[in-house]
């Protein structure tokens, strides 16, 4: 067992332990913590000069990375061809609409029966404002965007074992956590316990800051009343005219907030990749892939399953089968190759690259996740629960409910994200048939929206990423050790082949990782071409 | 000097003191704190039965309160007429477009020269998700809404006296404040200083919660590195491929955050009325007033300046002059009257109501505020500063810059909110001519967006609410004492007259106050009618 394997195992064990103790949403939180922050180092599209006329590049995969590479190389004057396994562009950039069909590994086929205008994003669903790379192409390709609500203060935080299983509003838990933290720190500040850490000059300012931020009263206490209601809200709100006084609620104690586990969601929306503003393409994330596909036209050859990649000192040849028309394997050749096939698949395809790159490909673990989409007859979460967009979180296996972030106040239907959960829980979830997954998801949702969830359900779809044939996982899940030993080997130009994709970036599982990886890969490839 | 006057004066002195010490944005913050939380007690439109046929109600003012009253009374079967001072519906619900003209008290006239598609809201600009009353009418009248970004983590916090006058990003200040607070509390928790407040069982959970929420490292320290970057962001972000490591920044110290005063903005977006989701009508807040006006048609008589209100045991008569056509004063009569004229104006109009109501009207102070709109040639805040919507805050007199919350990524123009400031600062601001106000606003903005602000400026408008002829102030600014002594007297049905508007609510200066006030007023009026 190598060091990095040991590390990966112990990391997994840690996650499993956290998952056991605290449920899957805690585990996802822990995942995020052990990983890297997800920022982008994008500084504009690559400025490639022109290669010698006729210089050709074969690109494997028409996901975001492959299509960014194709677009930029084509614009620079390269002869470009893409082989794509699916019958559509986008890869994991993908939205499902009524009439679509999806067959997962194992053969289960789902017919999507959503109404016109409804859709579901099984993969990425949001674009942080600082993901400048993907935003560059969104704008270049005239994809329309709208704001995405990451934090809905009126959405629910739910624990099956706390508060009698009754969900709390996000704002209540946030206000109570901050209030108690502020009160505790104010107390120790006043008791001079912090005299070595906080100067006399700062003391009064700190107390005033804590009072405001923690909504404390004039005695620096976080208690029921007008002050705590400033963030927490009231049982009944203020109104107009006579008898319009509010009724205040008793905050929960710090002990209740802590033992409920709901505190884990308090920082939602504060981490860099979740900070407002965030955007989504109107009509589905898949609009980006479609726009790329339209722009690239017949540069992309669909239904092409690559079964062998071979390079020599003259060029690169990919052997592929046409999954639609069948027949004998065909060949596509070019001077150079950008390969964006996920490591999960690529590790199974013969390819003559260095041992180092092979090892890098083979060692890379992929995360898994499952998403379940549920079409509901009416928007009960808006009409009955007053939740417009954003997410509720639960310690049940579905982990969260995402509310549609468009057509607010519509009197029509809506598609909920009924489950979005990772790794161990995702594997457990996906051990069932798609229909059983949906039924379980409805059970979990019924705990949060009792009386409405099952009764309004019409149709759904469940996508478990480790069963998605074109990727067999959600994305590259680098360990710290793995990155140290193998990342540069994965990214290095190997003869005439360079890899690209989210897995070849420090922003794995984000489209921005695909863009910045592709930009970097073709910049290095172009330099090699020009110096050849 | 009455108690409440003394109270108001001392409150004003306090605010002035805070303003002097800490700049105007601190003062606005303090204002909010001394006031009430702004929630809504709305529980659906009033269910009025039918009155005796022919029963009539005269409504004074076609703002939100007057038009809600008219709509509901009309639907219940009343004969309804509205007299409105302006030549348009909406009152303070108002958007300015190119081609509009606005003349303030004192005679200064501004020609609005915005391009088509551009607009500016001099009054309200957002609708919290829990303002169910105004949202009810937005939906009933099919006004289209879109999300409003209250907090932009990438927008600026700026102090002229801290950090060399260089703005900080909101996320940096928030992360540093939370990080240091978490570290301090963790330290005292570990030192057993809190043993009386935090049980042994809660201790470990509290530490874990502080570590995550405060982005502390494994030693519970808030320091430069991967952990603090989770909320704070990095100097250069991570990217794809080779050489894609991030560069981390040194956090500011707690002392720096406190002495800068920037901590005052850390809780932005957490108070109930600013919690996501928030909405705005597409195309301008004035779309609501327009939709009401269209629905009510010729029920509204425009350009009608009320100069006398008289009731007897038969009915109510308002005397008014036609400000457009001129001529002799005219009279409008009805069985009952709902008067939504702001107290600032109403106190100057003869009206035979009880002394108690008179006193209530006369004692009510109105806040003032000023808003400045600036059309810019290009969206430099998006293209150069990467700020899409939300607000930057400054300790300069303009207090904040609001970025347009629509047409993100547009290559065209945009209208900034260049100043939004209250009370003392608003009076000082408005002592200048509109053009001088705009010039000052450009100077302030230049400090935050140097090189771009003046050079991209095309045209603007400055609306100081205490100079707006139809309201002479921003809204009812109740003191605690004033509300105790006079609020019920203001709202009570007086003979055949009842008052309504934001000033007759516990949500002053919010449209929701107008709706809930009108709903309550007509419900009580109707009960009186039915029992008469």
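Taken together, the values in this text are just the output of simple stated rules run on the coordinates, not laboratory data. In this text the structure is predicted, and so the values were computed from the model without any measurement. Cβ coordinates were reconstructed from backbone atoms using ideal geometry, including for glycine residues, and neighbour counts include every protein chain displayed.
Summary table
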quantity	calculated
Average other protein chain Cβ within 10 Å of Cβ, residues B:270-282	6
Gyration tensor (alpha-carbon) shape descriptor, the range A:354-452, a/c threshold 1.5	prolate
Fraction of antiparallel bridges per DSSP, the protein assembly as shown only, in percent to nearest 5	75
Cβ-Cβ FRET estimate between residue B:523 and residue B:310, R0 fixed at 35 Å, reported to 0.05	0.90
0 to 90° range, to nearest 10: angle between helix B:480-491 axis and chain B longest Cα axis	30
Distance (nanometres) between label positions extended 7 Å along Cα→Cβ at residue A:328 and residue B:217	6.3
Kirkwood-Stokes translational diffusion coefficient of the range B:261-300, alpha-carbon pairs, 4 °C, 1.567 mPa s, µm²/s	99
Packing-based order for A:363-374, B:158-169, B:46-57, B:62-73, using average beta carbon neighbours within 10 Å, highest first	B:62-73, A:363-374, B:158-169, B:46-57
Shortest-first nm distances, residue A:161 label point to equivalent points in other copies (7 Å, Cα→Cβ)	5.2
Compactness relative to 2.2 N^0.38 Å, alpha carbon Rg of the range B:250-378	1.67
Label 7 Å beyond Cα on the Cβ vector: residue B:243 copy-to-copy distances, nm	7.3
Estimated FRET transfer efficiency when R0 is 56 angstrom, pair residue A:432-residue A:532 (beta carbons, to 0.05)	0.60
Between helix B:434-448 and chain B: long-axis angle, C-alpha atoms, 0 to 90°, nearest 10	20
Over chain B: Rg over Rh, Cα atoms, Kirkwood Rh	1.02
Helix B:170-190 axis, angle to chain B major axis (alpha carbon atoms, nearest 10°)	70
Peptides B:273-283, B:408-418, B:297-307, A:511-521 ordered by average Cβ neighbours within 10 Å, highest first	A:511-521, B:273-283, B:408-418, B:297-307
Cα→Cβ-extended label distance, 7 Å offset, between residue B:447 and residue A:282, nm	3.9
Relative contact order %, chain B, counting alpha carbon pairs below 8 Å whose residues are six or more apart	22
Length added when fully stretched, residue A:97-residue A:383, from 0.36 nm per residue minus Cα-Cα	100.5 nm
Kirkwood-based Rg to Rh ratio, the range A:169-260, C-alpha trace	1.07
Shielding by partners - mean other protein chain Cβ count within 10 Å, residues of B:187-196	3
Average other protein chain Cβ within 10 Å of Cβ, residues B:218-227	1
Beta bridge orientation in chain A: antiparallel %, DSSP, nearest 5	75
Volume in Å³ per residue [convex hull over Cα atoms, computed for the protein assembly as shown]	177
10 °C / 1.306 mPa s Stokes-Einstein diffusion coefficient of the range B:373-532, Kirkwood radius on C-alpha pairs, µm²/s	86
